[in-house]
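The structure's right below; bear with me while I get my questions together.
What follows draws every value from the coordinates through simple rules; no lab data is involved. Quantities reported herein were computed from a predicted structural model and do not represent experimental measurements. Neighbour counts run over all protein chains shown; Cβ positions are idealised from the backbone, glycine included.
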Amino acid sequence: MWRKLHLYPGLLAAPLLIVLAVTGVILSLSPVLERSNAVIPADGQINVAQLAQNVVTQYPGVEEIKRTPSGAVIVYYIRDGSPGADLVNPETGESMGPYEPSVFFRWVQDLHRSFLLDDAGRVLAGVLAAMMVLMCISGAVMLARRAGGWLPLLRGFKGSGDGRVHSELARFAVIVLLLSALTGSYMSAMRFGLLPDPGNSEPSFPMEVSGGESSPVGSLEALKNTDFNNLQELVFPFPGDPRDVFSLSTRQGAGFIDQATGQFVEYKSASTGNQLVDWIVRLHTGEGLWWLGLLLGLAALTVPVLSVTGVRIWWSRRVSSGIRGNVSATDADAVILVGSENNATRGFAKDLHAQLSRAGRCVHSADMNELAEDYPKASLLFVLTSTYGDGAAPASANRFMERLRHFRKAGGLRFAVLGFGDRQFPRFCQFAKDVDVALSSHGLERLQSLACVDRKSPDQFSQWGSRIAEVTGLNLRLSHNPAPPSLFELELVDRADFGVKVKAPTSIFRFRPGVGKKSLVGRFGKKHGQLPEFEAGDLIGICAPENAKPRYYSLASSSADGLLEICVRRLPGGLCSGFLHSLQPGERIQGFIHPNPEFRPAPGSQPVILIGAGAGIGPLAGFIRKNDARHPMYLYWGGRNPESDFLYRPELGSYLEDQRLTGLSTAFSRTQEGGYVQDKINEDAPNVRRMIEMGAQILVCGGSNMAAEVREVINNILEPLKTDVEKLKQEGRYLEDVY
Amino acid sequence: MKKYLVVLGLAMALVFSASASAREVTFSTQLTDYRGDGAYLAMYLTDSNGVYQGTLWIAGQKSKYYKHLRGWARGSGMSRAEYDGLTGASITSGRTLKMTMNLDDSLIDNGYQIHVDTSVEDMRDNRSDVVVPLTTEGAGKPVSGRGYVKSFSYHF
């Protein structure tokens, strides 16, 4: 329900909301600009009588003095029969120049509150504000659910792409956007009588005045008692009309002052309702609260981005839903049930459906909530499900457990559950685990034990497919990739070769953007000859010619460096690494970026311990290169022989020199001294322990054997601290990029 | 530009006691291009001392803004009975309001003055934007206002 409340108003209103937001951003600057030009006396420095007297001296034909919420003083006067308005210094009453309200701001304001369409447009703007309230609330609820509660929401989200941008921006902006939307809705509702108007803040006109000789304005008692900073407006009596009065409004109230006695003839304090409305207007416009105005503007700035990413998320989900060639539940011999919150899982299910159909099975796909009472002909049951929030069922599976109780199992029906999730969350694939257990305790036989796919990894999905293919004997080749990569072309600039002598040929390749043909330009119009956005630690997917399956390599540079750098060891029989190692400068390859935002040093000044072996140094070297803040960074690295495979040797030397790298410790296994990187860490145990105590973060990159050894050593080091690698991982302080 | 035309025949029986002879008067008020929202306008009569006598017309529907028609508000006390049935739409910048009503003969050439107050949201209020005596001699002679009124005239 929340999703619909968020989606429909969003799709409907996105373009108009962008107009409201952009105009809002511009208007938010107005209070600051006004404030910066205003002279603001201290409280108690000037009273309204002094101000009025000064103004009258300068402007004998003054009609009205107005103080804007920002503190600017405007004097409306008649001189030689024609009207004028000046900005005035409140301390002297002297002119600071003519008051000319900006035509541009006025136009933007009209666009903002009525789309230049007067009352009809104001209704529309009001409706949009109400929709925005709805979207803020539904969006916040969805964010909190996704994070697994309101508190975890503070920690933020990982991930990449539109979804990440959308949720991160919303997380910061939602409160302020809600404030803008609520106050805007309120103002609109009041204008159109949907909410009670607190009514006139002014008292009714006095029927009787003293009618005596008018006194100099500077001597009027009621004005003397009013501080300048409380003034809103002072209207002078019509010249030569002894029965007329001064009308004074302040934030506290309004009244009429006898020109002769200087006393209030009528006075009315502002009601709570009036003050409330006053505050609501200020909270919406930032008038008199320039810092709030800026904050409102900043939040409004996110709206265009939220709109665009929101629509794109919706579109990509739409594309991935919908299944062709569905067999009925009673005829199917293979059943796929999908538990999905936002349709991401459906794409995988569709691929499985297609592959099973191709292998000759009659496949029925349905939501988990549509679990039938039995599947009379089925022998295979696949459940593909994500997990919602903190271990809950996703939308299309929230009644599954209930329905399972009425499910009649048939002999020979075997099941396999595949969970989809994100390892960053503590209860990774929890719902899939629950379903796996529930199916088993319902008496069904497992075809394959539970497997989980982390962050929609196409690789893990296809690996699961191979295991299913093995146990079923079906020819399945699952290859669903939820985000088809946008390829770009790279030209090899140079390569540095190492390790040939020690039989570990490893090269550092540097590429620059190739001037590609039109067909190679990214889907969203990336320009020719420009690298896409990436950071060291992200991955590049590269396909060897005539092989559709990409290999991923960690990037050792970021796009800001202008070059794309990878460090690759040639594996015996490796198709892709062999292909790369055959490249000569000037030759071209194609690749795509696979963001890997988790594998990054955390911001802050805590020490960072980098551990790697062989080509695993690539991203680590990239991190060091980017360490312009000179935070403490230590590198432990293992190679074979310093004469042959000491990767990045000159670079590391200069990093040490300019203190981007604090300490370097190397192990070379094929020297007399021998030893591996984990041995070096072990030797250095007290230091490492001390740094972890200080809050250090550890990043490991390299082969899986090395990673396991390093874990063991670190666990030993951690023992006295009553913690372990597992716990550090949960805190995000132990990251691995392992292959 | 197509002129904004409001033609009304309204007996002002409420304010001015009926007498044998009445005359049809057409008031024509053209606004300047002041670049703002629709203007509120009050047209009313005072005696020669400027003391409010009665309302002729209020342009603008929302009574909460009437206080900005300051001279009229002061004189009429903004009491509903003073303007009931004498209101219409606000006037867009640059347009002309034309209205016709029957006025008692005794009001003409008898020291009465026509006042026009104007006001525009977020812009200045003009008390007595126009003040002209209601005389046979003055009929058909346009005068300019000092606020948003570019030209005002009346015809018998």
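To check you understand DSSP bridge types, tell me what percent of the beta bridges within chain A (both residues inside) are antiparallel, rounded to 5.
Values: 61 of 108 bridges.
Within chain A, antiparallel bridges account for around 55 percent of the total.
If you don't mind, there's one more thing I want to ask. If I model a spin label as a point 7 Å beyond the Cα along the Cα-Cβ vector, how far apart are those points for B:GLN61 and A:LYS501 in nm?
9.3 nm
List, in order, the whole-Hz ³J(HN,Hα) value for each residue of segment A:369-381 obtained from phi through the Karplus relation with A = 6.51, B = -1.76, C = 1.60 and θ = phi - 60°; use x for Gly and Pro.
5, 9, 3, 7, 6, 7, 10, x, 9, 7, 10, 10, 10
Net charge near B:ASN102, counting Lys/Arg +1 and Asp/Glu -1 over other residues with Cβ under 9 Å of its Cβ? Mind showing how you got there, number by number?
Numbers: positive: B:ARG23; negative: B:GLU24, B:ASP104.
Overall, the nearby charge balance is -1.
What is the magnitude of the charge dipole of chain B about its Cα centre, with +1 placed on the Cβ of each Lys and Arg, -1 on the Cβ of each Asp and Glu, and no other charges, expressed in debye to the nearest 20? Don't skip to the answer; put the middle values down first.
Numbers: 17 positive and 15 negative charges, 110 e Å.
My answer is approximately 520 debye.
Right, next: Suppose only helical runs count, i.e. DSSP H with n ≥ 4. What mean residue ellipticity at 222 nm does that imply for the protein assembly as shown under -39500 (n - 2.57) per run, divided by all residues and rounded to the nearest 500 deg cm²/dmol? List each step's numbers first, then the result.
Values: 21 runs with 289 residues, N = 895.
That comes out to -10500 deg cm²/dmol.
Using the 10 angstrom Cβ neighbour count as an exposure proxy, how do B:VAL130, A:VAL471, A:VAL677 rank, fewest first? Write down the numbers at each step before the final one.
On the way: B:VAL130 24, A:VAL471 12, A:VAL677 28.
Result, fewest neighbours first: A:VAL471, B:VAL130, A:VAL677.
Would you grab the residues whose amide H sits under 5 Å from the one on A:PHE420? Only those 5+ places off in sequence or on another chain, please, with H modelled 1.01 Å from N.
A:THR385, A:SER386, A:THR387, A:VAL453
What is the order of A:VAL383, B:VAL132, fewest Cβ neighbours within 10 Å to most? Write out the running numbers ahead of the final one.
Numbers: A:VAL383 25, B:VAL132 17.
So the ranking, lowest neighbour count to highest, is B:VAL132, A:VAL383.
In terms of modelled amide H atoms, which long-range or inter-chain residues lie less than 5 Å from the amide H of A:ASP645?
A:GLY499, A:ARG640
Got a sec to turn the phi values of segment A:725-734 into Karplus ³J(HN,Hα) couplings, 6.51 cos²θ - 1.76 cosθ + 1.60 with θ = phi - 60°, whole Hz, x for Gly and Pro?
Coupling constants for segment A:725-734: 4, 4, 5, 4, 4, 4, 7, x, 9, 10 Hz.
Which of the aspartates and glutamates could a cross-linker span from A:LYS66 if the Cα-Cα distance has to be under 13 Å and same-chain partners fewer than 8 positions apart are dropped?
The qualifying aspartates and glutamates are A:ASP86, A:GLU233, B:ASP122, B:ASP125.
Once phi is turned into ³J(HN,Hα) by the Karplus curve 6.51 cos²θ - 1.76 cosθ + 1.60 with θ = phi - 60°, what whole-Hz value does each residue of segment A:136-141 show in order, with x for glycine and proline?
5, 5, 5, x, 5, 4
Quick check on the exposure proxy: order A:THR506, A:THR309, A:THR261 from fewest to most C-beta atoms within 10 angstrom.
Numbers: A:THR506 25, A:THR309 20, A:THR261 16.
Ascending number of Cβ neighbours within 10 Å: A:THR261, A:THR309, A:THR506.
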